[in-house]
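Trainee: Structure below; questions to follow.
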Amino acid sequence: MATISVDHLSFSYPTEDGQTPLILSDISATFASGAFTLLTGPSGSGKSTLMKLISGLYPHFAGKVMAGTITIDQRPVSQIDETKRSQMVAMMFQNPNQQFAMDTVERELIFALENQQLAPADMMPKVDAALTYVGIEALRHRKLNSLSGGEKQKVALAVIIAMDTDIILLDEPFASVDPDARQLLLSKLVQLNQERHKTIIISDHDLEDYAPLIDNLYVLNATGDQLRLLTPEEQSVKLAHFKRSHTHQVALSAPDSSDEASIILHQLKLSAGERTLIDQPDFRFYRHRITLLTGPNGTGKSTLLSALSKLTAYAGSITVNHQEVSQLRSKQLFLQEGLVFQDADQQFLNVTMAEELALSMKNSQKIDYFKPKLDAFLKQLQLDQLQDQVVYSLSGGQKKKLQILEMLIMATPILLFDEPFTGLDFASLQAIMAVMRQVATDCQQTYLIVSHQLFGLESLVDYHVTLDNQHLQYVEELA
Amino acid sequence: MNPSLKFLLAILIALEISFTNVWMVNVLLAVIGLIIILASRPSIKRLALLFVVPLIPAVALAVAILLQSNAGTHFALVLFTRIYAYVFVGSAATLTTQVSDLVMSLEQNAHIPSKFAYGFLGAFNLLPKIISEVNIIRAAGNMRGQQLHFWSPQLYFKAILASLSWSENLAEAMTSHGFVEDAPRSYYTQIQIRWWDWGILIVSLALLQVALFGLHLQ
């Protein structure tokens, strides 16, 4: 049982020239012991920063507290002994790839318990219980590197359960998790909150499903200077107002005979380790169409995009504009297609945003189209004021928008998107989809989009393909 | 054998043969190393590499000694066999040890600070990721019309940047899972040094002295 209170807190990442722009400015909040709190706010408002401050990772690893304090049960977080603190607070990170130190699931759990100085004889029962609680006994001996995003988050939750901390912080934990896994994780959290009285703070953009679960809803504004607890009325209005569009009602058409194939799969076999992901006799993606690809976590959607980009070996055949991908030279292949990586940092080649944009403009296949429009696009995406900023210091959402824009500018005939909408708030999501729609139409591009986030996508996509049980299939609805 | 002692033995052997000139002992050590390697059932490819790769420096050294100095064929032979002794003894130690066992043993038996032990383990687990990251960086370059060769500074800039952010993430991940520098930890797998671990170490070194002196006196 632990009460967290944030008292007039200001926090900054000092820049090299000695300035201290405030990420969080004079914010206050109290998270009651045993409460389930949802924290929301636009991308870049400082939700992750606040979480890491509560967990004690900051200012240890980055930044500086300029004013105010955070206390857990009236004791300042910075003064709590580190080992003690790790027994009080545990955190699940936004990026599932960034939370493990060991190689296998079991070793990671044991590592955490060893850190708590648990007696060796008590370890296995705890490991067993945690894995069973989350329902992932089957993953016990798997390599963490081979797990999908959703599976990794389940493992992360199992570690937290094994550590048995009073406070559980979750920083946009569902950003790369499919709806089923999200439901499962949420139900486990509710169970932990109700049965074991854990204090839970979770940040999320997607407010759906939370209405019956949470006690409090905090909203952090875009500039990070207002953290407000909504009244019960405001809370229910906000939650009711936020409805993911009722996507199951949206009908889409299926490809017809007039469609021309752009990417053809033939006897394609993709695998991860010993596991077969895709086994597909024949499949086509169509030219000048925007196709959405969905499917449960770990079914191989990212691996398919990776194989289409010659980054993963495959058996069988993949042709792009009638040329076999594995036989094309990378340079030739990437004149025809581009891949928007799931991790935005992987896309960047330069240091500042202006340099990034300049590189894309220099090598764009449709420079005449983009030259007059670039400024408007930047404005539309609210990136126009950030040109001198180092790309790695942008917020998650800003990185995503820049990354998509610079790949759109390249204007390759085919663009593959791997979870392009993660970490984007509502306004950013609307803006980036509008830009994508416009560019796709004007430049006659073919898109293949992998996304868990389905909100608003019906206005963007033409076709919907699902990947399940190793098979791709066109479906005529968004669900 | 206990991993820490095994590596200590390999290092002591390597040190000792660096300062002695008995080629037969080098051959003997290489053969013993090879037997241990074969017992661990390596792939044919790995075995072939073990023979071929040292051949280059070994031949180069031997030829250089023969042509450029007047140290004579004996010294050339010593250097040639010494390289193989290094490689086979070293491989005998590494191929028969799991990295995680070595790290646990270094932490528990050799008492090196745990942050080094786990930092090393973390870095080792990152190796396959670094290889795939380099491929991704080159693909990202190609997608933007910029070809990155292995001498392109940008490739290294990105790779180093990625490594830096991984190391930071790794540190945060370890901290969030309760790891505190220099704090006591408990160990699920206790790695012990048994009397026969010391026995193997001492007897091996003793035999090496006997062989070196015996052959030297001849």
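The values are calculated or read from the model by the stated rules, or taken from the named source; none is laboratory data. Just so it is clear, the structure is predicted and the values come from calculations on it, not from any experiment. All Cβ positions, glycine included, derive from the backbone under ideal geometry; neighbour counts span all protein chains shown. These area figures cover heavy atoms from the full protein model, side chains too; ligands, DNA and RNA do not enter into them. Shrake-Rupley method; radii C 1.70, N 1.55, O 1.52, S 1.80 Å.
Trainee: When you look at residue A:265, is it within 22 Å of the chain's Cα centre (by Cα), at pLDDT 90 or above and either assigned to a strand (DSSP E or B) or in the same structural domain as residue A:468 (by the TED database) (or both), yes or no?
Mentor: For residue A:265, the condition - within 22 Å of the chain's Cα centre (by Cα), at pLDDT 90 or above and either assigned to a strand (DSSP E or B) or in the same structural domain as residue A:468 (by the TED database) (or both) - is not met.
Trainee: Could you list, in sequence order, all residues of segment A:148-163 that are open to solvent by less than 10 Å² (accessible area, probe 1.4 Å) and touching a Leu at 6+ places or on another chain (Cβ under 7 Å)?
Mentor: Once the filter is applied, which keeps residues that are open to solvent by less than 10 Å² (accessible area, probe 1.4 Å) and touching a Leu at 6+ places or on another chain (Cβ under 7 Å), segment A:148-163 yields A:153, A:155, A:157, A:158, A:159, A:162.
Trainee: Can I ask one more? For segment A:280-302, give me each residue that is of a type in the set (Ser, Thr, Tyr), part of a strand (DSSP E or B) and open to solvent by 10 Å² or more (accessible area, probe 1.4 Å).
Mentor: A:286, A:294
Trainee: Now, a different point. Looking at residue B:114 and the list (1) more than 7 Å from every other protein chain (Cβ to nearest Cβ); (2) closer than 30 Å to residue A:53 by Cβ; (3) open to solvent by 60 Å² or more (accessible area, probe 1.4 Å), which single condition is not satisfied?
Mentor: Evaluating residue B:114 over (1) more than 7 Å from every other protein chain (Cβ to nearest Cβ); (2) closer than 30 Å to residue A:53 by Cβ; (3) open to solvent by 60 Å² or more (accessible area, probe 1.4 Å) leaves (3) as the failure.
Trainee: Return only the number of the condition from (1) over 16 Å from residue A:36 (Cβ atoms); (2) assigned to a loop (DSSP other than H, G, I, E, B); (3) touching a strand residue (DSSP E or B) at 6+ places or on another chain (Cβ under 8 Å); (4) open to solvent by 30 Å² or more (accessible area, probe 1.4 Å) that residue A:222 does not satisfy.
Mentor: (3)
Trainee: Taking segment B:137-164 on its own, how many of its residues are over 28 Å from the mean Cα position of the chain (by Cα), open to solvent by 20 Å² or more (accessible area, probe 1.4 Å) and among the small types (Gly, Ala, Ser)?
Mentor: The total comes to 1.
Trainee: What number of residues within segment B:135-154 satisfy the criterion of being in a helix (DSSP H, G or I), more than 9 Å from every other protein chain (Cβ to nearest Cβ) and either among the small types (Gly, Ala, Ser) or in contact with a helix residue (DSSP H, G or I) (Cβ under 6 Å, 6 or more places away or on another chain) (or both)?
Mentor: Count: 0.
Trainee: Might you let me know whether segment A:392-402 holds any residue that is assigned to a helix (DSSP H, G or I), more than 11 Å from chain B (Cβ to nearest Cβ) and under 28 Å from residue A:323 (Cβ atoms)?
Mentor: Within segment A:392-402, none of the residues are assigned to a helix (DSSP H, G or I), more than 11 Å from chain B (Cβ to nearest Cβ) and under 28 Å from residue A:323 (Cβ atoms).
Trainee: In the list A:233, A:208, which residue meets the criterion of being in contact with a Phe, Trp or Tyr (Cβ under 9 Å, 6 or more places away or on another chain) and more than 16 Å from residue A:34 (Cβ to Cβ)?
Mentor: Only one candidate passes the filter, namely A:208.
Trainee: Please work out if residue B:173 is outside any helix (DSSP H, G or I), at pLDDT below 90 and either open to solvent by 60 Å² or more (accessible area, probe 1.4 Å) or among the aliphatic types (A, V, I, L, M) (or both).
Mentor: no
Trainee: Could you say whether any residue in segment A:171-182 is within 22 Å of the chain's Cα centre (by Cα) and within 22 Å of residue B:179 (Cα to Cα)?
Mentor: yes
Trainee: In addition: Report yes if some residue within segment A:454-467 is part of a strand (DSSP E or B) and touching a Gly at 6+ places or on another chain (Cβ under 8 Å); otherwise report no.
Mentor: yes
Trainee: Sticking with this structure for a sec: Restricting to segment A:1-45, give me the number of residues that are surrounded by fewer than 18 Cβ atoms within 10 Å (Cβ to Cβ), of a type in the set (Gly, Ala, Ser) and part of a strand (DSSP E or B).
Mentor: Number satisfying all stated conditions: 2.
Trainee: Out of all the residues in segment B:29-57, which are open to solvent by 80 Å² or more (accessible area, probe 1.4 Å) and not in a helix (DSSP H, G or I)?
Mentor: Of everything in segment B:29-57, just one residue is open to solvent by 80 Å² or more (accessible area, probe 1.4 Å) and not in a helix (DSSP H, G or I), namely B:41.
Trainee: Pick out the one residue from A:462, A:425, A:442 that is modelled with pLDDT under 90 and open to solvent by 10 Å² or more (accessible area, probe 1.4 Å).
Mentor: Of the residues listed, the single one that is modelled with pLDDT under 90 and open to solvent by 10 Å² or more (accessible area, probe 1.4 Å) is A:425.
One line per residue, one yes/no per condition, for (1) hydroxyl-bearing (Ser, Thr, Tyr); (2) within 14 Å of chain B (Cβ to nearest Cβ):
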| site | (1), (2) |
| --- | --- |
| A:220 | no, no |
| A:232 | no, no |
| A:252 | no, no |
| A:294 | yes, no |
| A:309 | yes, yes |
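Trainee: Would you pick out the residues in segment B:155-168 that are more than 8 Å from every other protein chain (Cβ to nearest Cβ) and either among the small types (Gly, Ala, Ser) or not in a helix (DSSP H, G or I) (or both)?
Mentor: Within segment B:155-168, B:159, B:163, B:167 qualify.
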